[in-house]
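As structure tokens, the structure follows; a few thoughts come after it.
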Amino acid sequence: MLYRKTYDSPVGRLQLVASDQGLSAVLWSEEDGSRIRLGAVQDVETHPVLDEAERQLGEYFAGRRRSFDLPTDVKGTPFQKTVWAALAGIPHGETRSYGDIARQIGRVRAFRAVGSANGRNPLSIIVPCHRVLATGGRLGGFAGPLSTKQYLLDLERQIGAVR
């Protein structure tokens with residue numbers, strides 16, 4: 001069974017989805033479910049995993065958290081999971097290109113596949129797909145609005161400059 005809770009964040013309403021094992025998705029409010037197929041979801045007001053995700057996201061947006069420590073329960077191919085693990089390793093306030101990630105996972109020519117896996121990242125913000133930029137540093141390859149991607153990058157740069 002999956003459970004869903006809505007979180008009102010500085011970048012809009014987010015849908016937090018979890019199983020009893022861990023966080024399964026952080027979705028943008030305008031998503032229709034075609035990017036990440038989850039199956040049946042029950043709306044709840046409280047759930048231990050969702051409550052903790054909401055708390056950590058609040059700390060992140062307040063500038064008091066640079067990484068997340070949450071149990072996860074995501075579905076994906078082995079390649080996608082490899083890409084998502086690489087994304088999770090991008091330090092707060094830094095960015096990488098699709099080519100950088102492809103080289104990091106030992107698949108030099110797979111930068112387009114990396115972009116596709118990046119776009120299917122079920123844990124937006126938690127697994128920082130917003131830290132991946134297209135060629136020449138352009139924004140792109142993001143499931144949410146590009147203005148949100150820019151907001152997250154600016155937030156992290158601002159927090160990095162303060163500390």
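The values are calculated or read from the model by the stated rules, or taken from the named source; none is laboratory data. Remember, it's a predicted structure, so these values are computed and weren't measured experimentally. FYI the Cβ positions are ideal-geometry reconstructions off the backbone, even for glycines, and counts take in every protein chain you see. Note: areas computed on protein heavy atoms with side chains; ligands, DNA, RNA excluded. Shrake-Rupley method; radii C 1.70, N 1.55, O 1.52, S 1.80 Å.
Yes/no matrix, rows are residues, columns are (1) assigned to a loop (DSSP other than H, G, I, E, B); (2) out of contact with any Leu (no Cβ under 8 Å at 6 or more places or on another chain); (3) not hydrophobic (A, V, I, L, M, F, W, C):
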| site | (1), (2), (3) |
| --- | --- |
| Leu14 | no, no, no |
| Gln21 | yes, yes, yes |
| Ala25 | no, no, no |
| Glu31 | yes, yes, yes |
| Gly39 | yes, no, yes |
| Glu45 | yes, yes, yes |
| Val49 | no, no, no |
| Glu52 | no, no, yes |
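For the stretch 28-42, indicate whether the set of residues that are under 15 Å from the mean Cα position of the chain (by Cα), under 16 Å from Cys129 (Cβ atoms) and of a type in the set (Lys, Arg) is non-empty. Yes. Filtering the stretch 8-20 to residues that are more than 12 Å from His47 (Cβ to Cβ) and either touching a Ser or Thr at 6+ places or on another chain (Cβ under 8 Å) or not small (Gly, Ala, Ser) (or both) leaves Asp8, Pro10, Val11, Gly12, Arg13, Leu14, Gln15. When Asp20, Asp73 are screened for being over 16 Å from the mean Cα position of the chain (by Cα) and more than 25 Å from Gln150 (Cα to Cα), only Asp20 passes. If you check Ser34 against the conditions, is it open to solvent by 20 Å² or more (accessible area, probe 1.4 Å) and either closer than 15 Å to Ala143 by Cβ or in contact (Cβ under 8 Å) with a residue 24 or more places away in the chain (or both)? Spelling it out, Ser34 is indeed open to solvent by 20 Å² or more (accessible area, probe 1.4 Å) and either closer than 15 Å to Ala143 by Cβ or in contact (Cβ under 8 Å) with a residue 24 or more places away in the chain (or both).
Only one entry in Val44, Val17, Val26 is in contact (Cβ under 8 Å) with a residue 12 or more places away in the chain and surrounded by fewer than 19 Cβ atoms within 10 Å (Cβ to Cβ), namely Val44.
The residues in the stretch 10-52 that are more than 17 Å from Pro122 (Cβ to Cβ) and among the small types (Gly, Ala, Ser) can be counted, and the count is 1.
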